[in-house]
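These notes concern the structure reproduced below.
The values are calculated or read from the model by the stated rules, or taken from the named source; none is laboratory data. As the structure is a prediction and not an experimental result, all values here were calculated from the model. Don't worry about glycine lacking a Cβ; one is built from the backbone with ideal geometry, like all the others, and counts go over all protein chains shown.
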Amino acid sequence: KSMWAIIIAHSASNTFAYTSSLWLPKYLNVEYGIPKTDLSISAIPYGVNLACGPFIGRCIEAYLSKYTTKLGKRKLTSSIALLGQSFGYLLLCFCSSASQAIFCVSFAVLCKTFC
């Protein structure tokens, strides 16, 4: 049962991540009136992930290696990835500015690094 839960959660996570990467420019244009010429800001979450992801991954790996088993690390990082990503996208509903929306999506994409 737990394996099926992980498979379904990862499938949903990946589907929403790819959908949001395509949908974010349109969302910023429609909801916040960002001109189409300035929509390159929708790449910020992925740049943040590219810059911070490897560093965060190494730090977490080094920290958890001291305190838990390999299975414990996997459970914890999967939980952070899936719950953090859900939380980030849920917060997107309450954003009142484009910068807040970019922050929420950046947080969600960065949490996906833990998978």
(request) Take segment 71-86 and flag every residue that is among the basic types (Lys, Arg) and either buried (at least 16 other Cβ atoms within 10 Å of the Cβ) or outside any helix (DSSP H, G or I) (or both). (result) LYS73
(request) Could you check how many residues of segment 1-45 are closer than 19 Å to ILE80 by Cβ and of a type in the set (Phe, Trp, Tyr)? (result) 1
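Can we say THR77 is closer than 24 Å to ALA5 by Cβ, among the hydroxyl-bearing types (Ser, Thr, Tyr) and under 14 Å from the mean Cα position of the chain (by Cα)?
For THR77, the condition - closer than 24 Å to ALA5 by Cβ, among the hydroxyl-bearing types (Ser, Thr, Tyr) and under 14 Å from the mean Cα position of the chain (by Cα) - is met.
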(request) Take segment 6-38 and flag every residue that is touching a residue at least 60 places away in the same chain (Cβ under 8 Å), assigned to a helix (DSSP H, G or I) and within 15 Å of SER99 (Cα to Cα). (result) LEU24, TYR27, LEU28, GLU31, TYR32
(request) State whether the residues of segment 101-113 include one that is assigned to a helix (DSSP H, G or I), over 12 Å from the mean Cα position of the chain (by Cα) and modelled with pLDDT of 85 or more. (result) yes
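The rows are residues; the columns are (1) in contact with a Leu (Cβ under 7 Å, 6 or more places away or on another chain); (2) more than 16 Å from SER79 (Cβ to Cβ); (3) charged (D, E, K, R).
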{"position": "SER2", "(1), (2), (3)": "no, no, no"}
{"position": "ILE7", "(1), (2), (3)": "no, no, no"}
{"position": "HIS10", "(1), (2), (3)": "no, no, no"}
{"position": "SER13", "(1), (2), (3)": "yes, no, no"}
{"position": "LEU22", "(1), (2), (3)": "no, yes, no"}
{"position": "THR37", "(1), (2), (3)": "no, yes, no"}
{"position": "ALA43", "(1), (2), (3)": "no, yes, no"}
{"position": "GLY47", "(1), (2), (3)": "no, yes, no"}
(message) So MET3 passes all but one of these: (1) exposed (fewer than 15 other Cβ atoms within 10 Å of the Cβ); (2) assigned to a loop (DSSP other than H, G, I, E, B). Which condition number does it fail?
(response) (2)
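Condition check ((1) buried (at least 17 other Cβ atoms within 10 Å of the Cβ); (2) more than 23 Å from PRO25 (Cβ to Cβ); (3) touching a His at 6+ places or on another chain (Cβ under 8 Å)) across all residues:
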| position | (1), (2), (3) |
| --- | --- |
| GLY47 | no, no, no |
| PRO54 | no, yes, no |
| THR69 | no, yes, no |
| GLY88 | yes, no, no |
| LEU91 | no, no, no |
| PHE114 | yes, yes, no |
(request) Working carefully through the options TYR63, TYR89, TYR18, find the one that is within 26 Å of ALA5 (Cα to Cα), out of contact with any strand residue (DSSP E or B) (no Cβ under 9 Å at 6 or more places or on another chain) and at pLDDT below 85. (result) TYR18
(message) Take the conditions in contact (Cβ under 8 Å) with a residue 60 or more places away in the chain, on the phi < 0 side of the Ramachandran plot and polar (S, T, N, Q) and apply them to SER65. Does it pass?
(response) no
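Looking at GLN100, GLN85, which is the one that is within 18 Å of SER42 (Cα to Cα) and in contact (Cβ under 8 Å) with a residue 24 or more places away in the chain?
One residue alone meets the criteria, GLN85.
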